[in-house]
Every structure is written in structure tokens, then in C-alpha cells.
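S.K.: Below you will find the structure I want to go over with you.
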Amino acid sequence: MCGIVGYTGQRQAAPILLDGLSKLEYRGYDSAGLAVRNRDGEIEIVKAKGRLAVLSEKTDGGRTLQGCCGIGHTRWATHGEPSENNAHPHCSDDGNVVGVHNGIIENYQELREKLQRNGYRFYSGTDTEVAVKLIDYYYKKYLGTPVDAINHAMVRIRGSYALAIMFKEYPGEVFAARKESPMILGVADGECYLASDVPAILKYTRNVYYIGNMEIGRLKDGKVTFYNLDGDEIEKELVEILWDAEAAEKAGYEHFMMKEIHEQPRAITDTLNSVLQDGALNLDGVGLTDEELKDISHICIVACGSAYHVGAVAQYVIEDLAKLPVRVELASEFRYRSLLLDPKELVVIISQSGETADSLAALREAKKRGASTLAVVNVVGSSIAREADHVFYTMAGPEIAVATTKAYSAQLIAVYCLAAQLGKVRGTITEEYYQELVREMTLLPEKVNKVLEEKGRLQWFAAKQANAKDVFFIGRGVDYAVSLEGSLKLKEISYIHSEAYAAGELKHGTISLIEDGTLVISVVTQSALFEKIVSNMVECKSRGAQLFGLTSYGNYSIEDTADFVTYVPKTDEHFAASLAVVPLQLLAYYVSLARGLDVDKPRNLAKSVTVE
Ligand code: F6R
């Protein structure tokens, strides 16, 4: 939700800021803005409603803004509708303080009233303007330094923020403050950078600092100085980012989503290899020894969106392989529920970004209640990764498209590893079957590649669905779990209404929505449930549905029922979601393309949901 950048050095700031924002546009894209300090010390602000391209055009690629120190923002509106007026940066009435913000200031109404009583006027509906003016207020009240002013404001503000601030009286300096919202600070040869996420600065530096909660950073002369809430200087470790800069580029694909769909075999291989040693899994690096795994009594998986759908797959797989009770909870519900946790329960938080507000809050809640926690996270150094007791990093690399694909696949392989290892140490599967499961996992990347070869047929089918009104996905067991993900992919990027149902549930109400020509997509990879789901397909067909069957090679009898069939290679059926999801991702992609939509940046969404 919102992306922020900052730069101070010897080069022109605006083109660097725009370039950085282009890598963060996935975080929000309803308006954008820049503030650059020009040679006369004046801070010039330019904002535009709409995509970053509008701002870029308005500033001629940043060339109309001269100056070597600046901040920028791309917005996903929370307080105040998307408009030029509400776009960041925001500034104090006299231009003394200028700032950009990612997060939510919960007590902004109360602070606004306090500032109004002290003579401040407000021109926008944003909480950010309140934060900027509060810093200005303390700066003037205590005749102090920027660090003092920011510290005072941080104590008063409730909520979350990553703030980048410039002060008129401190040329060539950018100040940063953080609570909950993500932010990294980078340094390179006399230059300093600041961004919400690594891809924004990867082109310029690999040396970054992770700023902690309630800490302040001062960027000046190629050096970052950190302060705590008392204003005392604190030391931070410089970390080298190992990601390949190319990973954050489209590499010839029309969209990041298609590139990322094709990166799934690599994401699966890299994630699996991170815990594979001499043909066996070893979760010691994750911090979970076999003894600890043996001791677990229950598992509670907590996540949002697609990551929650990974949890839904994991529930079937872990219960079956490890004979452990598993429940899956939406993070936004878990955090406010007095769920009873067993003292030996492992709470698993799944998150690509590692910054999703509800998942982070759920993690903290679980820790507060004494549970042991494991994070399955993609972004290294993210809040969830830092706060969980154990971390299983998925190796998907930077994921830019808003709709997740490769991170979902990497999360799946991570939970399969957990399931197989639990099964082995708990003695609920034989050593031979364990070996077979590990071997099957190593074959998944090749099989995903095979599914990708079918994309031409899916594009043809998708083009015919561009005007669909409603689509239903049905499945049983793991196929139901993957249907949830297929449905989300389709609706979020094509804006076609779709729903996923456990196939047996359809006739308890939803079947009344099936009309002549309604598309029903049936996922059928679980042999024990094959006949059951075919009966459900027939029920839909006899009410006029058009049937798309997604099954494994060999299940050719499905052609007697379905109107269109796609096959995926056979694998151990516990892992079928890894293959079945790929045609569903491709279908969503091609339907969105056929409807002429922005595949990578669907409306109203943002990649990481750092607000509640
Ligand atoms: C959908 C999608 C979202 C995320 C959800 C959780 O394509 O990407 O549903 O899965 O917002 O995000 P993370 O995994 O970053 O916690």
C-alpha cells in the first residue's frame, strides 16, 4: 500500500525517484508525486492523479525538476479519494517540512484537531498531511533538530508509517522514520537511497540497512545515521542484497505476471533445494529440528488471500501425511478471535511480502499467547520474517505483478516439505514413501514446464470467455483448495465475478445460479474423488453449464462430460495443486488480456496490504 522513495547525492534526483517509483507501482497506482529541492534551496512539489506515467509526462521524465535531493510517492488511497490534492508529497503551510508516507495514522482526526487549534489549516483529506504538520509543529515548538521533531511526532502518532521527510533548513538531507510499514535505506559512493522495497534501488546499490520499528534515519553525504526514540545514535548492520537486478525486470515478457508464471519451475527448485541435503529434507536451517517437529500437537496456519489458499492445500496434505490436526485461519479473523491454542501448537504464518498487516498482527497475537511460530515468507528481512521464531524462506525472488503466481508455488513446495518431514519424523509415512515424495517434489519443476507448453490452447479458450458474467470453480479435497486460488486469480485481474465451491456444496444453494452457458471449471486430480466430482459436473451440465475439466493425463473419460479439457502431468496427488494451478493462472491472464485490462496492476488493489 503506497510506495515511497528518497534520494540524496550528486545526481539529479527526479529521474532516480521516478525510476524507483516505477518498481514500486505495484504497491499503489492511483496517484503519484515528487518533491525535489532545487539549487536555490526551494522544495518544488509536482503531483499527478493516475498512473506514474502521468507524473513522468508532467515532469518530462523528471527533467523539469532540478536538484539532487528529493522524495517520491506512489499512492493507494486510504484516507481521502485518489486526487492530485490528496497525492503525496504533503507539506507544512510555510513549506518548512515536506513528507511522503506509507501506512495509516489511526488518530489522525484527534491530531488534526489539535493542529487546527494551533493555527494549522488543511488542504487535503489525508492522514499524511497531519503527520507532516505535526512534525512541523514540534520542530517549531521545541526549536530543536529534525530528529527531535520527528521523535516527538512518533510518540504522538498511533498507527503505522514509513515516512520520508525533508526540512527546508537542512538541504541535502532526507530523514526517515518507521513503525510497522516496510522501508529500507541504501548507500553507495556518496549517495543515499530510501525505498519501501528492494527492487526500487537494486539498480543503484546492493548495500542496505533495515530500519527498525520506532527508529529514525538521517541520510546525508552518502551516510545514514540512525537514532532511537530518545534521539541517541544507534548502530545498524549493512546488509548485502543478493538478488539479481534482472529479477525485477520484465525480461522480454509483455507482463510481469507472465514472466513470473514462467519463473515457477525455478522458484520451486530453489525453494526445495534450500532444504534438500543428500536426497533428504533438512529443516534445521529453518530452525525446526526433527525433535521439535515430533513434539508438535496441532498446526494452525494463518494467512491472507492466496497465501491463505496455500494454507487450504497444506491442511489436506499435512493432515494426510502427518496425521496432525491442522486448521487454516484468515489472519484478519484470527487476530480478533479468542482462538484456543494448544501449548504445543505450531502457528504457521504464510506471506509473500512478510508485511501484510493482518498476518503480522496475527503472528504477534500467536506469540503473545505463547505459541511457537513459523513464518513461510518470501521477502528477506521483512517484519514477519524478523519476528517469527522460525523462518522458511521461499526462494521466489522479487514478485512484481499484483496477482501472485510464483510466490504461491514456492509457498506450496515449502508446505509440502513441512508435511513430508512431519510425516517422516512422526512415523506416519514409511521411509520408502518419504523418498518417493521427495523425488516427486524434485520432478515438479519439469512438470510445470510441461503444463506451460499448453498455453496456446488456454489462450484460445480464454479469448472465448472474455464476456463471461459469472464463473464457478469446483473441486474436492486439494482440488477444492486449488479452485479457491483459480477463482481469485480470475476475478482479481479480469473483473469477472467468480466463486469457488467444494463441489459437494453446490447443490446446497449455489446451483440456482447456473444458467445456460455459465462456465463451470472443475478441477479433478484426486482419483479417489473422481467419480464424485464427475457427478457434480453432470448436475451442472444438466442445468446448462459449459464445463471446463482440468485433470491429470490418463483421466480421459472426463471428455465424455466436459466441453473443454486440459490435462496436467501425473504426480503424487498430494502435490497436484502445484500443477493444476498453472492452467488456472494462464486462463486468468489470457482472459484479462482479452478484455484489454492491465494484467499487472488490477484496479483497487496493491501488492502488499500493509493496512488493516
Ligand atoms: C492475490 C494476492 C493476495 C495476497 C495476499 C497476501 O493474487 O497476491 O491475495 O496473497 O494479499 O499477501 P502476502 O502473501 O504478501 O501476505
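The values are calculated or read from the model by the stated rules, or taken from the named source; none is laboratory data. Only a predicted model underlies this, so the values are computations on that prediction, with no experimental measurement involved. Neighbour counts run over all protein chains shown; Cβ positions are idealised from the backbone, glycine included. SASA here: full protein model, heavy atoms, side chains in, ligands and nucleic acids out. Shrake-Rupley method; radii C 1.70, N 1.55, O 1.52, S 1.80 Å.
Every residue, every condition in (1) free of Cβ contacts under 8 Å to residues at least 40 places away in the same chain; (2) open to solvent by 50 Å² or more (accessible area, probe 1.4 Å), yes or no:
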| site | (1), (2) |
| --- | --- |
| 109 | yes, yes |
| 112 | yes, no |
| 128 | no, no |
| 137 | yes, no |
| 148 | no, yes |
| 156 | no, yes |
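S.K.: Quick one: what pairs do we get from region 325-338, first residue closer than 16 Å to residue 612 by Cβ, second at pLDDT below 95 and hydroxyl-bearing (Ser, Thr, Tyr), C-beta under 8 Å, 6+ apart or different chains?
M.R.: 331/356
S.K.: Mind checking which residues of region 70-86 are among the β-branched types (Val, Ile, Thr) and outside any loop (DSSP other than H, G, I, E, B)?
M.R.: Matches in region 70-86: 71, 74.
S.K.: Grab the strands (runs of 3 or more DSSP E) fully contained in region 171-235, keeping just those with 2 or more residues being open to solvent by 10 Å² or more (accessible area, probe 1.4 Å). Spell out the reasoning first.
M.R.: Details: elements: 174-179, 184-188, 191-195, 207-210, 215-220, 223-227.
Passing ranges, in order: 184-188, 207-210, 215-220, 223-227.
S.K.: Do you know which of the residues in region 422-434 that are not in a helix (DSSP H, G or I) and not small (Gly, Ala, Ser) is farthest from the chain's Cα centre (by Cα)?
M.R.: Looking at the filtered set, the residue picked out is 430.
S.K.: Scan region 28-40 and give yes if some residue there is part of a strand (DSSP E or B), farther than 21 Å from residue 129 by Cβ and at pLDDT 95 or above, otherwise no. Even if it seems obvious, please write down each step before you answer.
M.R.: We begin by selecting, within region 28-40, every residue part of a strand (DSSP E or B); these are 31-37.
Restricting the remaining residues to those that are farther than 21 Å from residue 129 by Cβ gives none.
No, region 28-40 contains no residue that is part of a strand (DSSP E or B), farther than 21 Å from residue 129 by Cβ and at pLDDT 95 or above.
S.K.: Considering each of 103, 62 in turn, give the residue that is at pLDDT below 95, buried (at least 21 other Cβ atoms within 10 Å of the Cβ) and not in a loop (DSSP other than H, G, I, E, B).
M.R.: Every option except 103 fails the conditions.
S.K.: Quick one: count up the residues across region 442-463 that are modelled with pLDDT of 95 or more and of a type in the set (Lys, Arg).
M.R.: Within region 442-463, residues that are modelled with pLDDT of 95 or more and of a type in the set (Lys, Arg) number 2.
S.K.: So, one more: Can you name the residue in region 389-409 that is among the hydrophobic types (A, V, I, L, M, F, W, C) and within 13 Å of the ligand (Cβ to nearest atom) and, of all such residues, is farthest from residue 482 (Cα to Cα)?
M.R.: Looking at the filtered set, the residue picked out is 400.
S.K.: Let me confirm something: among 326, 415, which residue is under 30 Å from residue 435 (Cα atoms) and within 23 Å of the chain's Cα centre (by Cα)?
M.R.: Of 326, 415, the one residue that is under 30 Å from residue 435 (Cα atoms) and within 23 Å of the chain's Cα centre (by Cα) is 415.
S.K.: Also, I was wondering about something else. What tally of residues in region 495-513 results from selecting those that are open to solvent by less than 50 Å² (accessible area, probe 1.4 Å) and farther than 25 Å from residue 576 by Cα?
M.R.: Within region 495-513, residues that are open to solvent by less than 50 Å² (accessible area, probe 1.4 Å) and farther than 25 Å from residue 576 by Cα number 4.
S.K.: Please state which one of 419, 414, 407 is touching a His at 6+ places or on another chain (Cβ under 8 Å) and not basic (Lys, Arg).
M.R.: Matching residue, one of 419, 414, 407: 419.
S.K.: Let me ask something additional. Against the conditions (1) free of Cβ contacts under 8 Å to residues at least 24 places away in the same chain; (2) over 28 Å from residue 184 (Cα atoms); (3) aliphatic (A, V, I, L, M), where does residue 251 fall short? Just the number, please.
M.R.: For residue 251, the exception is condition (2).
S.K.: What is the one condition in (1) away from the ligand (no atom under 13 Å from the Cβ); (2) assigned to a helix (DSSP H, G or I); (3) more than 19 Å from residue 274 (Cβ to Cβ) that residue 419 does not satisfy?
M.R.: Going through (1) away from the ligand (no atom under 13 Å from the Cβ); (2) assigned to a helix (DSSP H, G or I); (3) more than 19 Å from residue 274 (Cβ to Cβ) one by one, residue 419 breaks only (3).
S.K.: Please state which of the following conditions residue 431 fails to meet, knowing it meets all the rest: (1) crowded, with 20+ Cβ neighbours inside 10 Å; (2) more than 16 Å from the ligand (Cβ to nearest atom).
M.R.: Failed condition: (1).
S.K.: Name the one entry in 499, 531 that is over 13 Å from residue 474 (Cα atoms) and either among the charged types (D, E, K, R) or touching a Ser or Thr at 6+ places or on another chain (Cβ under 8 Å) (or both).
M.R.: None of the other options fit; the residue is 531.
S.K.: So which helices (runs of 4 or more DSSP H) are wholly in region 262-357 and hold at least 1 residues that are away from the ligand (no atom under 14 Å from the Cβ) and open to solvent by less than 10 Å² (accessible area, probe 1.4 Å)?
M.R.: Details: elements: 264-273, 290-295, 305-322, 331-334.
Answer list for region 262-357: 264-273, 290-295, 305-322.
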